[in-house]
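The values are calculated or read from the model by the stated rules, or taken from the named source; none is laboratory data. Owing to the predicted nature of the structure, the values given are computational and were not obtained by experimental measurement. For neighbour counting, all protein chains shown are included, and Cβ atoms are generated from backbone atoms with ideal geometry for every residue, glycine included. Side chains are part of the model used for accessible areas, which takes the heavy atoms of the whole protein and leaves out ligands, DNA and RNA. Shrake-Rupley method; radii C 1.70, N 1.55, O 1.52, S 1.80 Å.
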Amino acid sequence: MDELRLLQVLENDPRISITDLADILNETEELVVRTKRRLEEEKIICGYHTVINWDKTNRDHCMAIIEVGAQPERENGYDNVAAEISKFPEVSSLYLMSGKSEFMVVIQGKTMREVADFVGQKLAPIEGVKHTITCFVLKQYKVEGVLVTEEENAPERLIVTP
């Protein structure tokens, strides 16, 4: 079975049925189920996610992207700092980056105050964290390859009248 093709199809449509997946891959449903289960057990497939446009709900939602400068440790590098940051349920994504800061942390909260309190009381005091730079997300246009804003049907040219 072409596992890379399976992963690509699932990445584009995680809700695809096993029947459709088997048809696309030209494999039996049983083989697709076994392969998919094995990839999940091996943590190659790590989860299935839904993209939500929180602006269209009645729920308060605030997202921030935080650059975190950190000091590496002998033998472990940045792994211990990353492990401490990732323990918090507010952290939805964590990346080790190249550039001026070592980590990029995506935080989800209800309000800007809640996110600010998280940064000041939980994130910044972690041993090895040197600095933080918090950027609040004001509007989402595209998330995980999905457009979340509606395109306005504005005319491309002005109408000329005599």
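Taking residue 139, is it in contact (Cβ under 8 Å) with a residue 60 or more places away in the chain, open to solvent by 100 Å² or more (accessible area, probe 1.4 Å) and more than 18 Å from residue 55 (Cα to Cα)?
Working: in contact (Cβ under 8 Å) with a residue 60 or more places away in the chain: yes; open to solvent by 100 Å² or more (accessible area, probe 1.4 Å): yes; more than 18 Å from residue 55 (Cα to Cα): no.
No, not satisfied.
Could you figure out which of (1) in contact with a strand residue (DSSP E or B) (Cβ under 9 Å, 6 or more places away or on another chain); (2) touching a residue at least 24 places away in the same chain (Cβ under 8 Å); (3) more than 30 Å from residue 12 (Cβ to Cβ) isn't true of residue 117?
Among (1) in contact with a strand residue (DSSP E or B) (Cβ under 9 Å, 6 or more places away or on another chain); (2) touching a residue at least 24 places away in the same chain (Cβ under 8 Å); (3) more than 30 Å from residue 12 (Cβ to Cβ), residue 117 violates only (2).
Within the range 63-81, identify whether any single residue is exposed (fewer than 14 other Cβ atoms within 10 Å of the Cβ), part of a strand (DSSP E or B), modelled with pLDDT of 95 or more and not hydrophobic (A, V, I, L, M, F, W, C), and answer yes or no.
So far as the range 63-81 goes, no, none of its residues is exposed (fewer than 14 other Cβ atoms within 10 Å of the Cβ), part of a strand (DSSP E or B), modelled with pLDDT of 95 or more and not hydrophobic (A, V, I, L, M, F, W, C).
Look at the range 82-114 and say how many of its residues are assigned to a loop (DSSP other than H, G, I, E, B) and out of contact with any strand residue (DSSP E or B) (no Cβ under 6 Å at 6 or more places or on another chain).
Qualifying residue count, the range 82-114: 7.
Filter the range 93-120 down to residues that are closer than 20 Å to residue 80 by Cβ and not hydrophobic (A, V, I, L, M, F, W, C) and give me whichever is nearest to the chain's Cα centre (by Cα).
So, considering only residues that are closer than 20 Å to residue 80 by Cβ and not hydrophobic (A, V, I, L, M, F, W, C), the one nearest to the chain's Cα centre (by Cα) is 93.
Could you run through the range 115-124 and say how many residues are of a type outside the set (A, V, I, L, M) and part of a loop (DSSP other than H, G, I, E, B)?
Count: 0.
Anything in the range 121-151 that is touching a Ser or Thr at 6+ places or on another chain (Cβ under 9 Å), of a type in the set (S, T, N, Q) and within 22 Å of residue 87 (Cα to Cα)? List them, or say none.
The one that is touching a Ser or Thr at 6+ places or on another chain (Cβ under 9 Å), of a type in the set (S, T, N, Q) and within 22 Å of residue 87 (Cα to Cα): 132.
Test residue 84 against the criterion of being touching a helix residue (DSSP H, G or I) at 6+ places or on another chain (Cβ under 7 Å) and open to solvent by 60 Å² or more (accessible area, probe 1.4 Å), and give yes or no.
no
Among the numbered criteria (1) over 18 Å from the mean Cα position of the chain (by Cα); (2) part of a loop (DSSP other than H, G, I, E, B); (3) surrounded by fewer than 12 Cβ atoms within 10 Å (Cβ to Cβ); (4) among the charged types (D, E, K, R), which single criterion is violated by residue 43?
(1)
If we scan the range 19-37, do we find a residue that is surrounded by fewer than 16 Cβ atoms within 10 Å (Cβ to Cβ) and under 19 Å from the mean Cα position of the chain (by Cα)?
No: zero hits.
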